[in-house]
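The values are calculated or read from the model by the stated rules, or taken from the named source; none is laboratory data. No experiment lies behind these values; they were computed from the predicted model shown. When we count neighbours, we look across all protein chains shown, and the Cβ atoms used for this are built from the backbone with ideal geometry, even at glycine. Note: accessible area is taken over every heavy atom of the protein model, side chains too, but ligands, DNA and RNA are not part of it. Shrake-Rupley method; radii C 1.70, N 1.55, O 1.52, S 1.80 Å.
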Amino acid sequence: MSAKKIMIVDNEEGLCHMMEAVLMDEGHAVRSFTDPLIAVETFRPGTWDLVISDIKMPGIDGLEVLQRIKNIEPKIPVIMITAFATVEMSIQALRHGAYDMLTKPFEPDELLFRVRNALDHNQLLSENKILRQELAGKFNFDNIIGASSSLQKLLEKVEKVAVRDTSVLITGDSGTGKELIAQAIHYNSPRREGRFIAINCGAIPDSVLESELFGHKKGAFTGATTDREGLLKAADGGTLFLDEIGNLPLNVQKTLLRFLQEREFMRVGETEPTQVDVRLISATNSDLADEVERGTFREDFYYRLNVINLHMPPLRERRPDIALLATHFITLQNKEFNTNVKGLSPEAQQAASEFSWPGNIRQLKNVIEACMTIETEERISLDTLSQFIEIEGTGSAEADYNDALARFEIDYLQQLIRTAGGNIEEAAQKAGMNMATIYRKMKKHGLKKEDVI
């Protein structure tokens, strides 16, 4: 751990010297104060990483020191020292914002243990703050790629919707970027400090979906060996994104409807309701109005979800954005694999702009990755592009699309495993997949690690 700045406040001069020596041996910068008033007057936000203060002191006591410091810098961890630890005193200190309690007499090792925990906690908070800032930047409206009028009109609506805490239904074909819009809403809303949790309702079996969303109580059913916190509880204070919501079974629709109306739900096997503060954003590529007509989707639930509707236009209706998106994906691939592809050739760019892209942005991304895997020139040529999409006058390459993607996947996996030196865990991290997916794909294509490296 790098050196940290620690303030000690204790009227016992000998104890201050002992703590100074122990903490300075660890490489920390330490300053002691035997007068709590001077300590508080000296304290400035952003100057210290940790404060250690006694509770019983003349002038003002440690709880007052704690409160004044927390008023100046709410996030700083404070460890309180006492020779008369009681449950009541500990509760009082923790309520005032203390991170930990240390009871006199204590050994140097115990002091170091508590200090390390507090500093680790503080570091984690700082890293989370930086991550939230990065995510907020990543999902800033200016960073959503596209200049077409249809996308700009949508983003104007998204910007207004983000600040209003209401339910949103995002519709559109698969691969159009519905989750990206949901993330933009979250990270530009008052809930940006909370969690954004996404779940694909079509990817989870009906038998476990209810437990995943709402959690369950130990013993609620066979296999429920422990209490489980559901995704709704985990998203408390933030946003829950339900993708492919048309796949929700009717019983789960009913429970979610109650949540939207009452802001509470029952865990499976529990009799007392759980209250949470969660914004619900949902998405679908199906026509929910038709689902309502067929009786497979509740009408009352549909209207609760569809307070605000955002429709993602397909890529064929955003032709001015195709070249911009292709350039964006080429840049990402260059960074990932340290390549230097300049872009699409003029002929390839024209062909890409004229193609209908039935798989939308996801298909464009996959095709660019596939092209970059086999391209030997500095720009992606029309000949290379024609191996993955049907281009007028080049035959039916679309018919061979699955074969082309399979070849791309094999090449991609081989390059990935080779780059990771055969370490599948590292390869999975680089690709943003889990290890099981990597192994499954290797098995699918008959790839063996030892043959690759």
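So which of T296, T284, T331, T255 ends up being out of contact with any Lys or Arg (no Cβ under 8 Å at 6 or more places or on another chain) and without any contact (Cβ under 8 Å) to a residue 40 or more places away in the chain?
After applying the criteria, what remains is T331.
Filter segment 367-411 for residues that are aromatic (F, W, Y) and touching a helix residue (DSSP H, G or I) at 6+ places or on another chain (Cβ under 6 Å); which is modelled with the highest pLDDT?
Applying the filter and picking the extreme gives F388.
Go through the residues of segment 39-48 one by one and say whether even a single one is surrounded by fewer than 17 Cβ atoms within 10 Å (Cβ to Cβ) and among the β-branched types (V, I, T).
Scanning segment 39-48, I find at least one residue that is surrounded by fewer than 17 Cβ atoms within 10 Å (Cβ to Cβ) and among the β-branched types (V, I, T), so the answer is yes.
From (1) part of a loop (DSSP other than H, G, I, E, B); (2) over 21 Å from F106 (Cα atoms), pick out the condition that doesn't hold for I69.
Looking at each condition in turn, I69 falls short on (1).
Quick check on my filter: what residues within segment 325-340 are open to solvent by 70 Å² or more (accessible area, probe 1.4 Å) and not β-branched (V, I, T)? Show your work before the answer.
If we filter segment 325-340 for residues that are open to solvent by 70 Å² or more (accessible area, probe 1.4 Å), which is where we start, we get 327, 332, 335-336, 338, 340.
L332, K335, E336, N338, N340 - these are the residues of segment 325-340 that are open to solvent by 70 Å² or more (accessible area, probe 1.4 Å) and not β-branched (V, I, T).
Please go through (1) out of contact with any helix residue (DSSP H, G or I) (no Cβ under 9 Å at 6 or more places or on another chain); (2) open to solvent by 80 Å² or more (accessible area, probe 1.4 Å); (3) of a type outside the set (K, R) for D290 and return the number of the only condition it doesn't satisfy.
(2)
Determine if segment 324-345 includes at least one residue that is of a type outside the set (A, V, I, L, M, F, W, C) and touching a His at 6+ places or on another chain (Cβ under 9 Å).
no
Which ones in segment 412-443 are farther than 21 Å from M372 by Cα, more than 22 Å from the chain's Cα centre (by Cα), open to solvent by less than 40 Å² (accessible area, probe 1.4 Å) and not aliphatic (A, V, I, L, M)?
Matches in segment 412-443: G422 only.
Applying the selection to segment 341-365, what residues are under 17 Å from Y412 (Cα atoms) and open to solvent by 50 Å² or more (accessible area, probe 1.4 Å)?
R362, K365
If I go through segment 193-217 residue by residue, how many of them are part of a helix (DSSP H, G or I) and open to solvent by 10 Å² or more (accessible area, probe 1.4 Å)?
6
Looking at (1) open to solvent by less than 50 Å² (accessible area, probe 1.4 Å); (2) at pLDDT below 85; (3) at positive phi, which is the only condition G446 fails?
Failing condition for G446: (1).
Just checking, which of E272, E347 is in a helix (DSSP H, G or I) and either touching a residue at least 24 places away in the same chain (Cβ under 8 Å) or over 29 Å from the mean Cα position of the chain (by Cα) (or both)?
Result of the check over E272, E347: E347.
Being in a strand (DSSP E or B), open to solvent by 10 Å² or more (accessible area, probe 1.4 Å) and modelled with pLDDT under 90 is the filter here, so list the residues in segment 243-269 that pass it.
E264, V268
May I ask you to verify whether N247 is of a type outside the set (F, W, Y) and under 24 Å from K178 (Cβ atoms)?
Against the criterion (of a type outside the set (F, W, Y) and under 24 Å from K178 (Cβ atoms)), N247 qualifies.
Say we look at segment 91-108 and pick out the residues that are part of a helix (DSSP H, G or I) and out of contact with any helix residue (DSSP H, G or I) (no Cβ under 9 Å at 6 or more places or on another chain); which of these is modelled with the lowest pLDDT?
By that ranking, first place goes to I91.
Could you say which residue among F301, F297 is buried (at least 16 other Cβ atoms within 10 Å of the Cβ) and part of a helix (DSSP H, G or I)?
On the way: F297 fails: part of a helix (DSSP H, G or I).
Checking each option against the conditions leaves just F301.
Closer than 30 Å to E317 by Cβ and surrounded by fewer than 18 Cβ atoms within 10 Å (Cβ to Cβ): is that true of R164 in this structure?
Answer is yes for this residue.
For residues that are within 30 Å of D165 (Cα to Cα), among the β-branched types (V, I, T) and in contact with a Leu (Cβ under 9 Å, 6 or more places away or on another chain), tally how many sit in segment 288-331.
Adding up the residues that qualify gives 3.
Select from segment 304-324 the residues that are open to solvent by less than 70 Å² (accessible area, probe 1.4 Å) and among the charged types (D, E, K, R) and write down the one among them that is farthest from G146 (Cα to Cα).
The qualifying residue farthest from G146 (Cα to Cα) is R318.
Taking segment 68-90 as the region of interest, how many residues are within 33 Å of the chain's Cα centre (by Cα) and either at pLDDT below 85 or open to solvent by 30 Å² or more (accessible area, probe 1.4 Å) (or both)?
Of the residues in that region, 6 qualify.
Filter segment 6-19 for residues that are part of a helix (DSSP H, G or I) and closer than 16 Å to R114 by Cβ; which is most open to solvent (accessible area, probe 1.4 Å)? Walk me through how you get there before you give the answer.
Start the filter on segment 6-19 by keeping residues that are part of a helix (DSSP H, G or I), which leaves 13-19.
Of the ones still in play, those that are also closer than 16 Å to R114 by Cβ are 15, 18-19.
Details: L15: 29, M18: 59, M19: 0 Å².
Filtering segment 6-19 for residues that are part of a helix (DSSP H, G or I) and closer than 16 Å to R114 by Cβ, the one most open to solvent (accessible area, probe 1.4 Å) comes out as M18.
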